[in-house]
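Following: one structure in structure tokens, then a few remarks.
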Ligand SMILES: O=C(O)[C@H]1O[C@H](OP(=O)(O)OP(=O)(O)OC[C@H]2O[C@@H](n3ccc(=O)[nH]c3=O)[C@H](O)[C@@H]2O)[C@H](O)[C@@H](O)[C@H]1O
């Protein structure tokens, strides 16, 4: 009776209990050794993962933030504007730490390449999401930031129809997460953040002044940025955070975003692919106040330099500025400049502008930014596109993959 079940056991499991125990012990010791080998960390599991990947990230944050003047946390540091602003700050001696989630809205390899450029300038970029409150808390504790340049966002006007939730996640929830961290930080930093020309929406009065209506956004992107401006007001009002919003007007240049028209027109013209040029009603041209990246960087630095300290409670500085070029150019003219510089005729198709969130015209009144930030754009579209094309040719001739369209 006793032997029978044992023999049944033997036929079901090909190895003995002793062998099973032996292998379980080996496995257990591997698990124990793995965890003992991890760098010590008091942080949450997500932080532990980060330190495993990025080495001693806490030391890197402290080193990168070191400065006798500004200590700036740049969100979206591996983005187009984030990279340029970070380098400009570091060059003049400010401490800079970046955070970026390296999402796949457009080619991640370009973001990695920008991040490598930042590393060459000794700027440390933490890979993480602005919605990760505990990560932000640790970063503020380590970096003791005097300023936050908040540039992380879901960009793109037309993509909002494809993926509306990503705008809520990054531009609304993400902004609240950053402001919560700022409000709780010691010291409380001054915040400068990227709003957008798109908040003017269906406004037809030109040039667009900060005093004009912004309650008719034409896209969810615009609505998310407008919501951001209202959220900024709340955090300023209740928590005394010093907050400056910058309404960027169609920023372009080297290391730019492949989802923007000037960028993918270049790619498609070079490949002989047809490009769609949108038109307004009755063949009216669609135009943008295209603004070169170096001018935008100067505006960002001007905003950081003139920002007052946060007060913790009670009245604090709350500002909004247009950063444009104040000379709109028709999209058809943009294409003609590209054709001239590339020495290639574009295969163009004129199309009525689809109802996709786009607006017909943007034109910034920049008198306020001129007066208060010393903002003074100097680069015209042809000069700026020449600089962009120099970079583009150089970057994509040494890189195997051309940008793919995901938007
Ligand atoms: O100022 C901003 O705040 C925004 O600027 C930018 O948006 P936009 O000004 O719309 O730039 P972009 O897409 O390059 O289209 C340029 C022009 O080409 C036209 N356009 C576009 C696509 C196409 O296939 N054909 C075409 O004619 C199109 O109708 C438009 O007239 C940023 O992307 C956005 O993230 C935000 O920062």
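A short reminder: the numbers here are calculations on the coordinates, not readings from a lab. Just so you know, these numbers come straight off a predicted model, no measurement behind them. We place every Cβ from the backbone using ideal geometry, glycine too, and count neighbours over all the protein chains shown.
Classify region 149-286 as rounded, prolate or oblate from the Cα gyration tensor: take a ≥ b ≥ c as the square roots of its eigenvalues, call it rounded if a/c is under 1.5, otherwise prolate when a/b beats b/c and oblate if not.
Since a/c reaches 1.5 and a/b is larger than b/c, the shape of region 149-286 is classed as prolate.
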Label region 213-253 by shape, choosing from rounded, prolate and oblate, from the square roots a ≥ b ≥ c of the eigenvalues of the Cα gyration tensor; if a/c is under 1.5 it is rounded, and otherwise prolate applies when a/b is larger than b/c, oblate when it is not.
oblate
Could you sort 183-191, 217-225, 378-386 so that the peptide with the highest average Cβ count within 10 Å comes first and the rest follow in order?
217-225, 183-191, 378-386
For residue 230 and residue 173, what does the FRET efficiency come to when R0 = 22 Å and r is the distance between their Cβ atoms, rounded to the nearest 0.05?
0.90
Euclidean distance of C-alpha centroids, region 316-395 and region 58-84, integer Å
27
Cut-off is 10 Å between beta-carbons; in what order do 150, 233, 363, 169 appear when sorted fewest neighbours first?
233, 169, 363, 150
Tell me, in nm to one decimal, what length is gained between residue 215 and residue 398 on full extension, where the rule is 0.36 nm per residue of separation less the Cα-Cα distance?
61.3 nm
For region 228-376, just say rounded, prolate or oblate: build the C-alpha gyration tensor, square-root its eigenvalues into a ≥ b ≥ c, call rounded for a/c under 1.5, and beyond that prolate if a/b exceeds b/c, oblate if not.
prolate
Computed over region 263-407: relative contact order in percent, which uses C-alpha pairs under 8 Å that are six or more apart:
37
